[in-house]
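Engineer: Let me begin by handing over the structure; questions about it come next.
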Amino acid sequence: MRSFRLVVLPGDGIGPEVTAAALDVLDAAGELYGIRFERRDYLFGGCSIERHGVPLTDEVLDACKASDAVLMGAVGGPEWELSHVRPEQGLLKLRAGLGVFANLRPAKIWPGLASMSPLKAPSPIDILIVRELTGGLYFGKSGLFSDEYGNMTAYDTMTYSEAEIERVCRVAFEAAGRRRKKLTSVDKANVLESSRLWRETAVRLSREYPDVELSHMLVDNAAMQLVLTPAQFDVIVTENMFGDILSDEAGAVCGSIGLLPSASLGMPDTPGLFEPVHGSAPDIAGRNLANPIAAVLSAAMLLRHGLSQDAAADCVERAVEKTLREKFLTPDLGGGAGTREVGEKIKSNLIKHI
């Protein structure tokens with residue numbers, strides 16, 4: 001039996017509920033495929049602020065670095081939105097500490113859920129958004145100052161190096177090569193100097209991937225095209241803030257953000273971070289209403305991208321698809337099943353394929 005060290009950060013709001021469901025499915029898949037998880041749970045986010053005064057302690061960061069993979073729930077809540085110490089600061093510190101520079105966010109319309117899309121007649125949609133994760137506005141220099149007249153001014157700086165752009169674009173090119181061989185690089189090259197460097201770097205790198213068709217799109221047009229004709233996209237690669245916005249839009253196009261997982265990856269010898277795209281949804285926390293599928297699919301991405309256990313990952317994804325086909329749905333998808341019940345249903349639908 002293969003054994004892996006797993007750090008679990010359930011977080012805030014619905015995070016513990018959806019993470020619990022994902023772990024149940026992960027353990028069940030592990031039993032089928034001879035995989036054992038040595039698991040450690042830690043406080044992270046708002047709950048860590050309440051206990052330790054910071055969203056991410058050095059002890060937890062060290063544990064994450066020493067693990068094989070990290071599974072996270074969600075962080076945040078209204079009580080910390082205006083605080084100087086916020087849960088999201090811990091998330092940025094965690095990403096930087098692990099060196100996870102490429103965020104993979106698949107967005108697809110699952111069989112039987114086309115009616116959930118706000119689009120009138122959606123074509124089959126299966127998009128992978130590759131978002132740069134440790135640069136740009138979220139990690140650039142920022143500040144707040146008052147001028148001589150007492151006017152407050154805030155600034156945030158977007159900075160990208162050629163090396164940062166190249167490494168995330170390389171991840172996107174390789175992903176496109178395994179899919180439909182179409183890569184759309186999204187930027188704002190008509191305005192931003194960092195975007196012009198982004199585009200130049202993508203073009204230069206494309207010479208190493210002649211089988212992948214590279215195109216470029218300005219971010220405002222990309223936002224429009226995701227709504228008008230989302231089926232045109234295969235893999236999208238873009239910088240941090242653009243990717244943050246576009247991936248949430250893609251989730252809405254697919255019917256529910258509660259279906260979107262993510263994988264944040266760095267160098268091959270460093271642990272990845274796996275988490276659902278949705279937030280902590282404090283308004284429904286503790287009510288057994290949250291959709292656990294994004295967390296379960298994040299666990300599948302952990303198996304595939306974090307532990308190289310493709311067969312077990314396939315098994316989990318097939319079980320999710322079977323559950324959705326059977327219309328065993330949480331309220332966000334128009335159903336009446338609870339978080340725990342959907343998790344149990346996915347577990348029961350796990351079947352080992354040899």
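The values are calculated or read from the model by the stated rules, or taken from the named source; none is laboratory data. Bear in mind that the values here come from a model prediction, so they are computed numbers and not experimental data. Note: ideal-geometry Cβ built from the backbone for every residue, glycine included; neighbour counts use all protein chains shown. Note: accessible area is taken over every heavy atom of the protein model, side chains too, but ligands, DNA and RNA are not part of it. Shrake-Rupley method; radii C 1.70, N 1.55, O 1.52, S 1.80 Å.
Okay, residues lined up against (1) touching a strand residue (DSSP E or B) at 6+ places or on another chain (Cβ under 6 Å); (2) surrounded by 20 or more Cβ atoms within 10 Å (Cβ to Cβ):
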{"residue": "L104", "(1), (2)": "yes, yes"}
{"residue": "P111", "(1), (2)": "no, no"}
{"residue": "A114", "(1), (2)": "no, no"}
{"residue": "G136", "(1), (2)": "no, yes"}
{"residue": "A154", "(1), (2)": "yes, no"}
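Engineer: Could you tell me which of the residues I257, I293, I245 is over 26 Å from G135 (Cα atoms) and of a type in the set (V, I, T)?
Structural biologist: I293
Engineer: Further question on the same structure: List the number of the failed condition for D24; all other conditions in (1) more than 21 Å from the chain's Cα centre (by Cα); (2) open to solvent by 40 Å² or more (accessible area, probe 1.4 Å); (3) within 23 Å of L289 (Cα to Cα); (4) not β-branched (V, I, T) hold.
Structural biologist: Checking D24 against (1) more than 21 Å from the chain's Cα centre (by Cα); (2) open to solvent by 40 Å² or more (accessible area, probe 1.4 Å); (3) within 23 Å of L289 (Cα to Cα); (4) not β-branched (V, I, T), the one that fails is (1).
Engineer: Is one or more of the residues making up the range 213-220 open to solvent by 30 Å² or more (accessible area, probe 1.4 Å), in contact with a Leu (Cβ under 6 Å, 6 or more places away or on another chain) and part of a helix (DSSP H, G or I)?
Structural biologist: So far as the range 213-220 goes, no, none of its residues is open to solvent by 30 Å² or more (accessible area, probe 1.4 Å), in contact with a Leu (Cβ under 6 Å, 6 or more places away or on another chain) and part of a helix (DSSP H, G or I).
Engineer: Scan (1) open to solvent by less than 20 Å² (accessible area, probe 1.4 Å); (2) touching a strand residue (DSSP E or B) at 6+ places or on another chain (Cβ under 8 Å) for the single condition T330 breaks and write down its number.
Structural biologist: Of everything listed in (1) open to solvent by less than 20 Å² (accessible area, probe 1.4 Å); (2) touching a strand residue (DSSP E or B) at 6+ places or on another chain (Cβ under 8 Å), T330 misses just condition (2).
Engineer: Name the strands (runs of 3 or more DSSP E) wholly inside the range 98-185 in which the number of residues that are in contact with a Gly (Cβ under 8 Å, 6 or more places away or on another chain) and of a type in the set (F, W, Y) is 1 or more.
Structural biologist: 152-156
Engineer: Here is a further query. Report, ordered by the first and then the second residue, all pairs with beta carbons closer than 9 Å, sequence separation of six or more or different chains, a first member in the range 169-197 that is on the phi > 0 side of the Ramachandran plot, and a second member that is surrounded by fewer than 19 Cβ atoms within 10 Å (Cβ to Cβ).
Structural biologist: K181/Y209; K181/D211; K181/E213; K181/D234
Engineer: With a cut-off of at least 2 residues that are free of Cβ contacts under 8 Å to residues at least 40 places away in the same chain and aromatic (F, W, Y), name the helices (runs of 4 or more DSSP H) lying wholly within the range 1-89.
Structural biologist: Because the criterion is at least 2 residues that are free of Cβ contacts under 8 Å to residues at least 40 places away in the same chain and aromatic (F, W, Y), no helices (runs of 4 or more DSSP H) in the range 1-89 meet it.
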